[in-house]
Amino acid sequence: MAYDQACPGQRIGPVVDGLKQPQGSVVMHRDVGRLITVLPPHEGAGESIDWNEVERTWGTPFPKDFQDFMAVYGVGGIDDFMAIATPADGEHVPGMPRIRSLTPTADSLRRSGMSWPYPVWPQRGGLIGWGGNSNASDFYWDTADTDPDNWPVVVRHREGTFVEYRCSMTVFILGLLGPRHTRPMENPMIYGAPNSRFYHWREERRLSEAGVEPWEYLDELFEANEAEDEMDEDDWNARPETVPLAREDVLPPGAFPPPGRIIAVHEYE
């Protein structure tokens, strides 16, 4: 099932002047171009990935927006809360999340007796994990469609509920960076554009080894977020602009597709 209106799986051009073009790409995927305008990648971000080799080892191509995301951003985290993994195999490096280690979750949970409402990869429709967050939510693609550009995002929450979003990974991330009341999942630990930052895992490690706390900016944003929670509507409209909150122009209200099927699989005691 395609979702052309929500997140077309195509690359378009021309893109905004100055945006880094993925190597080997004619033009950047338009959703990655949109993401760059609200979450600029830092110098040195991005990966060089042999996608032919990835397709050979996985037995499937990966979505084009994800390929361009890897070229521009690479493996890393947003606001020290959300991590995006690499599909490439190779020597394990501490701190670098890999899709290969996220995807077998279904099989291990089934062996432990828990329910899992999807086939197990590499069966068609099995979930491939591309990331997670520190609230123990896991992010997957549902691979049932033969066209990877039509793979929807599936979020598995730690209590066992699965929620499917008919959009690409990049549009899902764009939604998380929008105003809190428009987000695909309530997530107060991602602060939205223009506040949120992405750090490649190598840059995060480099800063930490140099004695610089890469996520120090989050302290001020946390306080502003707490203050926002306590505001009523009149206070919110009159709030001081000392810390800019998430903007409406990331994804205007109503632009993000609503979640699809919601499956409560397991509730922890």
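Readers should treat all values here as calculations from the given coordinates under stated rules, not as data from a laboratory. Worth saying up front: this structure is predicted, and the values here are computed from it rather than measured. Don't worry about glycine lacking a Cβ; one is built from the backbone with ideal geometry, like all the others, and counts go over all protein chains shown.
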*Compute the distance in nm between two label points, each set 7 Å from the Cα along the Cα-to-Cβ direction, one at GLU159 and one at SER208.*
3.1 nm
*Order the peptides 207-213, 40-46 from the highest to the lowest mean number of other Cβ atoms within 10 Å of their residues.*
40-46, 207-213
*Give me the distance in nm between label points sitting 7 Å out from Cα along the Cα-to-Cβ direction at SER112 and ARG124, one decimal.*
3.1 nm
*Segments 49-59, 129-139, 160-170 sorted - mean Cβ within 10 Å per residue, highest first*: 160-170, 129-139, 49-59
*Which of ASN150, GLY178, MET96, positive extreme of dipole for segment 55-209 (C-beta unit charges)*: MET96
*Net charge of neighbours whose Cβ lies under 10 Å from the Cβ of SER168, counting Lys and Arg as +1 and Asp and Glu as -1*: -1
